[in-house]
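J.: First, the structure itself, so that you have it in front of you.
The values are calculated or read from the model by the stated rules, or taken from the named source; none is laboratory data. Computed from a predicted model, the values in this text were never measured in an experiment. Glycine gets a Cβ as well: all are built from the backbone with ideal geometry, and neighbour counts include every protein chain shown. Each accessible area value is taken on the protein alone, full model and side chains, heavy atoms only, with ligands, DNA and RNA left out. Shrake-Rupley method; radii C 1.70, N 1.55, O 1.52, S 1.80 Å.
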Amino acid sequence: MIADCGSMNEAAKRLFISQPSLSGTIKELELEIGTDIFFRSNRGIVITPEGEEFLGYARQVAEQYRLLENRYIEKDSKKKFSVSMQHYSFAVKAFVEVVKKVGMEQYEFAVHETKTYEVIENVKNFKSELGVLYLNDFNEQVLSKVLKENSLEFIELFQCDTYVYLWGEHPLAKKDKITMKELEEYPCLAFEQGKNNSFYLAEEVMSTYDYKRIIKADDRATMLNLMVGLNGYTLCSGIICEELNGDDYRAVPLAESEKMRIGYIKRKGSNVSRLGEIYIEELKRYENRVL
C-alpha cells in the first residue's frame, strides 16, 4: 500500500492504522531482512532498487493468498480470469470468445491491452494468468533473459511475416508489396512504451530503423485515427480482426519482412486454468488467418 500510494501517511489512512505504527512496522521489517525497502527524504519516500525486488516477491505472496482465500474460504465469490497483451486486436477477440463461451455468471474477467513491460509484469505479479506478445531474431535474446529472470516462459503459437497496416484509402494501400523506401514520406506510428522504453520492448519490428517521421501513441483507437488523418502506418503481424477494427484498413506485405513469433507467456511450471486453455485454443485459430 505504501508503494502504491507513494506516501506513508496516505497508506496509513487507507489501512486504517496510525502512521507511527505503520512506519515502525516497516522499520522492523527492514531490520529483519537487512534491506532498506524505502528511501526517506523531505520530499517523501522512494522505493529502493532492493525494495522493488522485495515488493515483487511480496506481491506474489499476497496474490497467492488472495487466490487461496477466494477458492477455499470465500467459496461463493466469482473466479477470476485475466490476460494481458500487446496491442493485438485478435488477442482481444479471442478474449471476447472466451467470455461468450463460459458466460459471466461465475467469473470475473479482466483484459489489459498494454505496454510490453507491463504484459511481463502483470503475469509475473499474478495480475494476469497469460500474456500475449512476440519474439523475433532482434529481441529474442533480451526478452528471453527477462522472462527467465522473472520465472516466466514463452510458448510459441505461430509465425508470421511483417505487414504494413494502413488505411484503405492510403496512397500505397492498393500495392501488392511495400518497401521501407516507399514509406519514408509517411509517418510511422508506434506504441509508446513509457519509462521502460527500449528497442527490444517495441511492439513493432524494425524498431532500430532510422524513420524520417514517427509518432508515438498509447492506444489502438488513436493509432487508427492517425492512419486516417495523417496517412500513417504501422508494422504488424498482418492478422486483421475486422470484427473489432472494421474493414476500412489493409495489411500489405513489407518487402523487407522479418519473421514474428506470436505466443503467450505464463509463470514457469504453473498449470494453465480451464479458461486459460480455452483462451489459448481461441488464439490458435488465428494461425489459419495469418496472411
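J.: From the square roots a ≥ b ≥ c of the eigenvalues of the alpha-carbon gyration tensor of region 36-132, which class results: rounded (a/c under 1.5), prolate (a/b over b/c), or oblate? Don't skip to the end; give the middle numbers.
T.: Working: a/c = 3.18, a/b = 1.55, b/c = 2.06.
Because a/c hits 1.5 or more and a/b fails to exceed b/c, region 36-132 counts as oblate.
J.: Output the peptides 102-109, 235-242, 126-133 sorted from most to least packed, where packing is the average of other Cβ atoms within 10 Å over each peptide's residues.
T.: 126-133, 235-242, 102-109
J.: I need the chymotrypsin sites (Phe, Trp or Tyr not before Pro) found in region 1-87, filtered to DSSP loop residues with at most 10 other beta carbons within 10 Å of theirs.
T.: Sparse-neighbourhood loop chymotrypsin sites (Phe, Trp or Tyr not before Pro): 16.
J.: How far is helix 274-284 tilted off the main Cα axis of the chain, in degrees rounded to 10, range 0 to 90?
T.: 20
J.: Mind jotting down the distance between the C-alpha centroids of region 190-258 and region 136-167, whole Å?
T.: The distance from the Cα centre of region 136-167 to that of region 190-258 comes to 16 Å.
J.: Once you've got the Cα coordinates, tell me which of 124/195; 216/259; 145/177; 80/124; 124/177; 93/115 are over 28 Å apart.
T.: Going by Cα-Cα distance, 145/177; 124/177 fall outside the 28 Å limit.
J.: Still on this structure, please answer the following. Name the most mobile residue of 171, 20, 187, meaning the one with the largest mean-square fluctuation, in a Gaussian network model of the chain with Cα contacts below 10 Å.
T.: Of 171, 20, 187, the most mobile in the Gaussian network model is 20.
J.: Right, here's the next one. For the pairs 100/266; 79/284; 127/212; 101/174; 100/175, note any where the Cα-Cα span goes beyond 32 Å.
T.: As for pairs spanning more than 32 Å Cα to Cα, those are 127/212; 101/174; 100/175.
J.: Among DSSP beta bridges whose residues both lie in the chain, state the antiparallel percentage, nearest 5.
T.: Here the share of antiparallel DSSP bridges comes out near 60 percent.
J.: Taking region 61-115, which trypsin sites (Lys or Arg not before Pro) meet the DSSP loop condition and have no more than 16 other C-beta atoms within 10 Å?
T.: Working: sites: 66, 71, 75, 78, 79, 80, 93, 100, 101, 115; in loops: 75, 78, 115.
Those that pass, being in a loop and sparsely packed, are 75, 78.
J.: With N set to the number of residues, divide the alpha-carbon radius of gyration of region 196-291 by 2.2 N^0.38 Å and report two decimals.
T.: Dividing the Cα Rg of region 196-291 by 2.2 N^0.38 Å gives 1.29.
J.: Would you list, by chain and number, the aspartates and glutamates whose Cα falls below 18 Å from the Cα of residue 181, excluding same-chain residues fewer than 8 positions away?
T.: Candidates past the 8-residue exclusion: 204, 210, 256, 258.
J.: Here's another thing I want to ask about it. Please give the calculated 222 nm ellipticity per residue for the chain, where each DSSP H segment of at least 4 residues contributes -39500 (n - 2.57) and the sum is spread over every residue; nearest 500 deg cm²/dmol?
T.: Helices in the chain give a 222 nm mean residue ellipticity of -11000 deg cm²/dmol.
J.: Kirkwood hydrodynamic radius of region 127-180 from all distinct Cα pairs, in Å? Walk me through the numbers on the way to the answer.
T.: Numbers: mean 1/r = 0.0696 Å⁻¹.
One over the average 1/r among Cα pairs gives 14.4 Å for region 127-180.
J.: By the gyration tensor of its Cα atoms, with a ≥ b ≥ c the square roots of the eigenvalues, what is the shape of the chain: rounded for a/c under 1.5, prolate for a/b over b/c, or oblate?
T.: prolate
J.: Right, another one. Between 230, 275, 143, which gets the highest mean-square fluctuation from a Gaussian network model of the chain, Cα cutoff 10 Å?
T.: Per the Cα network of the chain with a 10 Å cutoff, 230 tops the list.
J.: If you don't mind, another one. Please list, in order, the residues from region 119-149 whose amide nitrogen is less than 12 Å from a point placed 7 Å along the Cα→Cβ vector of residue 180.
T.: Within reach of a label on residue 180: no residues.
J.: For region 12-22, in order, what is each residue's ³J(HN,Hα) by Karplus, 6.51 cos²θ - 1.76 cosθ + 1.60 with θ = phi - 60°, in whole Hz (x at glycine and Pro)?
T.: 4, 4, 5, 8, 6, 9, 7, 4, x, 5, 5
J.: How about region 149-201: which chymotrypsin sites (Phe, Trp or Tyr not before Pro) there are in a DSSP loop, with at most 16 other Cβ atoms within 10 Å of their Cβ? Each step should come with its number before you reach the end.
T.: Working: sites: 154, 158, 163, 165, 167, 191, 199, 200; in loops: none.
Qualifying residues, ordered by number: none.
J.: Sequence gap at least 6, Cα distance under 8 Å: using those rules, report the relative contact order of region 19-116 to the nearest whole percent.
T.: The normalised contact order for region 19-116 reaches 21 percent.
J.: Can you tell me, using C-alpha contacts under 8 Å and at least 6 residues apart, the relative contact order of region 134-291 as a whole percent?
T.: Here the relative contact order equals 43 percent.
J.: Tell me, what % of the accessible area of the chain is carbon and sulfur with a 1.4 angstrom probe?
T.: Answer for the chain: carbon and sulfur cover 49 percent of the accessible area.
J.: Using only Cα atoms, find the angle between the long axis of helix 89-102 and the longest principal axis of the chain, and express it within 0 to 90 degrees, rounded to the nearest 10.
T.: Rounded to the nearest ten degrees, it is 60.
J.: Please list, ordered by chain and number, the residues whose modelled amide H lies under 5 Å from the amide H of residue 162; skip anything fewer than 5 residues away on the same chain.
T.: 254, 258
J.: Taking the chain as the reference, fit the longest principal axis to its C-alpha atoms, fit the long axis of helix 49-68 to the helix C-alpha atoms, and give the angle between the two in degrees, 0 to 90, nearest 10.
T.: Around 90 degrees separate the two axes.
J.: So, one more: From the phi angles alone, apply the Karplus equation (6.51, -1.76, 1.60; θ = phi - 60°) to region 109-125 and give each ³J(HN,Hα) in whole Hz, x where the residue is Gly or Pro.
T.: 9, 8, 10, 10, 8, 8, 6, 4, 4, 6, 4, 5, 4, 5, 6, 4, 9
J.: Sticking with this structure for a sec: I'd like to check one number: the per residue accessible area of the chain, probe 1.4 Å, reported in Å² as a whole number.
T.: Working: 16210 Å² over 291 residues.
Roughly 56 Å² per residue, with all protein chains present.
J.: Now, a different point. If the chain between residue 137 and residue 15 were fully stretched, how many nm would it gain, using 0.36 nm times the residue separation less the Cα-Cα distance?
T.: Extra length from residue 137 to residue 15 when fully extended: 39.2 nm.
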